[in-house]
Amino acid sequence: MTSPKTLLLCTCDKSQSIDSAALQAAAGAEQVVVVDQLCGSEMRTAAEHLSGRHDVLIACGQQAALFERLGEDVYAETQQAAPLATIDIRDRAGWSSPGAKPQRLHAKQAALVAAAQLPAPMAPAKTIQSAGVCCIVGPTEQAVRMAELVGDELGVTCIVNDAGPVQLPSANYDMARGELTAARGALGNFRLEFARLQPLNPAGRGALGYGEVQVSARSECDVFIDLRGGEPAFPSYQKRNGYFWADPAKTGELERIALTARERVGEFEKTVYFRLETSLCAHSRANQSGCTRCLDVCPTEAIFSMGDHIEIDSDICAGCGSCAAVCPTSAVTMTETPFEALTQVMDVMARVYREHAGEAPRLVFHTLGAGGDAIARLARYGDGLADDLVPLGLEHVDHVGHAEIMAAFGAGYAEVLILADSDTDREAVTAEVELACAMLTGTHNAPDRVRVIAADELSAAGDNGGRVSDPVLLVGGRRDITRVTVSAMADRIDTPIPLPAGAPYGAIEINSDKCTLCLACVSLCPTGALGDHPDRPEVQFTENACVQCGVCESTCPETAITLVPQLDVSKAALSARALHGEEPFECIKCGTPFGVASTINRIIEKLENQHWMYTRSDNVQLIKMCDDCRVKSQFHGENSPMAGGERPRVRTSDDYLDS
């Protein structure tokens with residue numbers, strides 16, 4: 001049972017229009033209070049309700065920290081404070097262009113408030129220990145300077161990579177000279193490898209020098225500071241916790257890094273962003289390569305092969321969600337923003353908006369960080385979001401795949417936009433956007449209904465007249481919702497929709513002239529898309545289960561299999577169909593079917609009168625027999641390999657007496 005709720009609304013000094021009744025219904029609030037300056041002259045109103053027993057929802061995101069402190073002050077005075085939540089409806093819906101329709105803005109505000117009432121998923125967390133062991137790699141001058149900045153908090157070792165003058169030794173840090181050759185790990189567990197390592201010899205009088213050269217050396221540390229100035233040691237280095245790379249083109253880099261690096265000591269809680277079900281992974285089977293989609297897109301190299309499946313290093317994973325967006329079997333799912341929770345949010349916002357505006361909204365995915373800041377700037381200094389554009393914030397837009405895009409269309413959005421913070425974001429979603437565009441093209445919809453945009457396009461009006469499908473029930477996994485949405489968006493699809501290479505949907509073609517029906521592909525198919533016939537040599541195929549992993553293609557010894565990326569939404573794709581089959585060969589002795597007729601005949605053709613064992617003999621007849629009959633024929637035949645010579649007659653006493 002939910003607690004009574006009070007909704008506090010602020011017009012922000014009468015700069016935005018509010019439909020209090022619609023927002024009260026969307027929030028499920030028992031009462032609603034509307035003021036003009038909740039963070040200023042009317043702050044007492046907030047304090048009064050925070051000292052009550054009702055849950056309080058304040059529709060102001062800009063001053064969220066202020067209201068949290070106010071709640072703490074109220075608790076300090078009264079020893080009780082109401083649970084507080086805040087939500088922004090001003091920057092995302094209240095402030096828009098002068099020509100915006102109030103009905104649309106009110107509908108968008110209600111949609112945002114309704115979505116905020118959904119329960120937030122709980123992501124698991126793990127504990128990381130850092131003892132503060134720090135390794136600084138770079139030129140002598142910069143490395144020593146950094147060691148002095150962090151040495152009082154961290155245990156520092158400097159590995160210099162130049163021939164600069166040897167610095168006087170310090171008790172605060174150790175020094176050596178060498179070249180970094182490899183780096184792995186994350187905060188609390190970095191593993192570094194060096195070549196030509198020379199420890200500093202601090203003993204003796206006079207000039208200092210380095211000791212004996214070690215061809216290679218390894219080291220472990222909790223914090224890794226890279227001052228070399230070249231390429232970072234890790235891809236997407238900003239997402240590698242505990243790793244600090246200095247940009248030589250920026251001033252004040254050492255001081256900036258030192259402020260953060262000094263705090264990387266102690267016990268830290270890290271979110272485990274993913275859930276991995278290895279039994280669903282189609283990465284490989286029997287050393288035959290298959291799906292590598294997650295390996296190809298992971299920006300932090302947190303994913304690696306473990307034979308038949310992949311593994312993910314939770315210490316390195318930054319939670320971008322790229323792997324889950326491209327995983328065709330849902331072996332990888334996100335815990336912080338799972339697909340089911342995301343579809344529920346999209347569905348609620350679209351439904352509430354339609355109820356209040358009487359038309360379809362458009363959707364824009366954006367990051368909570370840079371994307372949210374861009375929306376706030378546009379709202380304050382520009383025309384703000386278009387009045388029909390509903391924003392949905394995520395930690396990373398990499399998490400948006402074709403299934404999320406198609407689910408949005410299934411919820412009834414007219415357009416789906418993705419706000420890219422950088423070229424890296426744009427590249428990360430390009431392939432999935434192209435896949436969604438191909439599906440739209442196949443359903444006779446304009447492919448520009450989904451596109452990646454920049455911040456200056458957020459105010460542009462949409463062109464969605466007459467292009468919206470009826471909403472579908474968003475139930476099931478990524479593939480289920482994609483299939484249902486595509487079916488609903490097309491009036492009629494007579495043929496499968498062609499998709500780009502690498503798409504996780506499709507068929508396979510078998511060259512019947514090459515295929516010997518060995519069924520190796522059937523035995524290794526990780527999703528059960530390939531099967532055999534119980535009574536005859538035949539390969540059967542269920543297209544809806546095929547994820548185009550390629551295991552069958554790499555397994556086939558005759559190279560008879562070709563992948564065909566496409567999406568077939570007909571009912572035929574849900575059932576098994578024969579791809580290639582032949583009549584079995586019947587045993588010449590008992591008539592039992594066995595083997596493949598063409599294969600047996602081909603063997604006979606190659607061996608009869610061509611090989612010494614099958615020349616001027618009846619051995620070729622053995623090839624035409626089943627296993628049982630072949631054994632019997634060999635056992636009882638004249639040339640049986642198990643037959644002995646003629647046994648001598650047993651002599652008795654009479655034989656000796658007669659003689």
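At R0 = 51 Å, how high is the FRET efficiency between R647 and A286 if r is their beta carbon distance? Nearest 0.05 is fine.
Numbers: r = 50 Å, r/R0 = 0.98.
In this case the efficiency is close to 0.55.
Working out 0.36 nm times the residue gap between L66 and R145, then minus their Cα-Cα distance, what length gain in nm do you get to one decimal? Write down the numbers at each step before the final one.
On the way: separation 79, 0.36 × 79 = 28.44 nm, distance 3.90 nm.
Additional length available on full extension: 24.5 nm.
Take the Cα of T260, step 7 Å along the line toward its Cβ, and report every residue of segment 317-345 whose backbone nitrogen sits under 20 Å from that point.
Output list for this probe position: 317-321.
Using a 7 Å offset from the Cα along the Cα-to-Cβ direction at both S570 and E558, what is the distance between the two label points in nm, to one decimal?
2.6
Full extension from A131 to V213: what is 0.36 nm times the residue separation minus their Cα-Cα distance, to one decimal in nm?
On the way: separation 82, 0.36 × 82 = 29.52 nm, distance 2.86 nm.
Taking A131 through V213 to full extension adds about 26.7 nm, to one decimal.
Please work out the average accessible area per residue across the chain, using the 1.4 Å probe convention, and give it in Å². Intermediate values should be presented prior to the final figure.
Numbers: 32920 Å² over 659 residues.
For the chain, the per-residue accessible area is 50 Å².
To make sure I understand the rule: partners must be aspartates and glutamates, Cα under 18 Å from the Cα of K632, and not fewer than 8 residues away in the same chain. Which ones qualify?
E586, D618
Within segment 170-188, what residues put their amide N at less than 20 Å from the label point 7 Å along the Cα-to-Cβ vector of Y237?
Hits in segment 170-188 for Y237 at 20 Å: 176-188.
Taking 0.36 nm per residue of separation and subtracting the Cα-Cα distance, what length does fully extending F635 through C590 add?
Numbers: separation 45, 0.36 × 45 = 16.20 nm, distance 1.64 nm.
Extending this stretch completely gives an extra 14.6 nm.
Rounded to a whole number, what is D in µm²/s for segment 1-85 from Stokes-Einstein with the Kirkwood radius over alpha-carbon pairs (37 °C, 0.692 mPa s)?
Numbers: Rh = 12.9 Å.
In µm²/s, the coefficient is 254.
Quick one: of the DSSP bridges fully inside the chain, what percent are antiparallel, nearest 5? Walk me through the numbers before you get to the answer.
Values: 48 of 91 bridges.
Close to 55 percent.
In segment 517-594, what GluC sites (Glu not before Pro) fall in a loop by DSSP, with at most 16 other Cβ atoms inside 10 Å?
Values: sites: E538, E543, E553, E558, E582, E586; in loops: E558, E582.
Loop-located and lightly packed - E558.
Could you pull out the GluC sites (Glu not before Pro) across segment 16-111 that fall in loop regions by DSSP (anything but H, G, I, E, B) with no more than 13 other Cβ atoms inside 10 Å? Don't skip to the answer; put the middle values down first.
Numbers: sites: E30, E42, E48, E68, E72, E77; in loops: E30, E42.
Listed in order of number, the matching sites are E30.
Where Lys and Arg each count +1 and Asp and Glu each count -1, what net charge lies around H533 among other residues with Cβ under 12 Å from its Cβ?
Values: positive: R536, R577; negative: D532, D535, E538, E582, E583.
With Lys, Arg at +1 and Asp, Glu at -1, the net is -3.
Determine the relative contact order of the chain: mean sequence separation of Cα pairs under 8 Å and six or more apart, normalised by residue count, in whole percent. Don't skip to the answer; put the middle values down first.
On the way: 1304 pairs, mean separation 61.3, N = 659.
Computed value for the chain: 9 percent relative contact order.
From the P(r) of segment 39-180, could you give the percentage of C-alpha pairs in the tail past 25 Å?
Details: 6040 of 10011 pairs.
So the pairs more than 25 Å apart make up 60 percent of the total in segment 39-180.
Go from 0 up to the bin containing the longest alpha carbon distance in segment 457-615, width 5 Å each, and give me the % of pairs per bin.
1, 8, 13, 15, 14, 12, 10, 8, 6, 5, 3, 2, 1, 1, 1, 1, 0, 0
Give me the log10 of I(q) over I(0) for segment 181-326 at q = 0.12 Å⁻¹, as the Debye formula computes it from C-alpha points; what are the numbers?
Summing over Cα pairs of segment 181-326 leads to -0.67.
Can you compute the FRET efficiency between S422 and A171 using 1/(1 + (r/R0)^6), with r the Cβ-Cβ distance and R0 = 56 Å? Round to the nearest 0.05. Display every interim value, and only then the final one.
On the way: r = 44 Å, r/R0 = 0.78.
About 0.80, to the nearest 0.05.
Looking at segment 116-223, which trypsin sites (Lys or Arg not before Pro) are in a loop (DSSP not H, G, I, E or B) and have at most 13 other Cβ atoms within 10 Å?
R205
Grab every C-alpha pair in segment 253-410, bin the distances at 10 angstrom width from 0 up to the longest one, and report whole percents.
Taking every Cα pair in segment 253-410, the percentages come to 9, 29, 29, 21, 10, 2.
Scattering from the C-alpha atoms of the chain alone, worked out with Debye: what is log10 I(q)/I(0) at q = 0.09 1/Å?
Values, matching the q order: -0.94.
From the residues C437, V352, G581, which one has its Cα farthest along the dipole of the chain in the positive direction, the dipole being from +1 and -1 charges on Cβ of Lys/Arg and Asp/Glu about the Cα centre?
The one lying farthest along the dipole's positive direction is G581.
Using a cut-off of 11 Å between beta-carbons, work out the net charge of the residues near G410 (Lys and Arg +1, Asp and Glu -1, G410 not included). Intermediate results must be reported in sequence, preceding the final value.
Numbers: positive: R483; negative: D347, E404, D470, D480.
Net charge around G410: -3.
Sort 395-402, 294-301 for me by packing, meaning the mean count of neighbouring Cβ atoms within 10 Å per residue, highest on top.
Numbers: 395-402: 24.9, 294-301: 18.8.
Ranking, from highest mean packing down: 395-402, 294-301.
Counting every Cα pair in segment 398-508, what percent are over 17 Å apart? Don't skip to the answer; put the middle values down first.
Numbers: 3278 of 6105 pairs.
Summing the P(r) of segment 398-508 above 17 Å gives 54 percent of all pairs.
Accessible area of the chain with a 1.4 Å probe: how many percent of it is carbon plus sulfur? Spell out each step's value before the answer.
Details: 15880 of 32920 Å².
Carbon-and-sulfur percentage of accessible area, whole number: 48.
Under 15 Å from the Cβ of D658, count the other residues' Cβ atoms, weight Lys and Arg +1, Asp and Glu -1, and hand me the total.
Values: positive: R649, R651; negative: D654, D655.
Taking every other residue near D658 into account, the sum is 0.
With the Cα gyration tensor of segment 556-619 giving a ≥ b ≥ c as the square roots of its eigenvalues, does the rule (a/c under 1.5 for rounded; else a/b larger than b/c for prolate; else oblate) give rounded, prolate or oblate? It would help to have the intermediate numbers written out before the result.
Numbers: a/c = 6.62, a/b = 2.23, b/c = 2.96.
Oblate.
The values are calculated or read from the model by the stated rules, or taken from the named source; none is laboratory data. Source: prediction; values computed, not measured. Cβ coordinates were reconstructed from backbone atoms using ideal geometry, including for glycine residues, and neighbour counts include every protein chain displayed. Quick note on the areas: whole protein, heavy atoms, side chains included, nothing else; ligands and nucleic acids left out. Shrake-Rupley method; radii C 1.70, N 1.55, O 1.52, S 1.80 Å.
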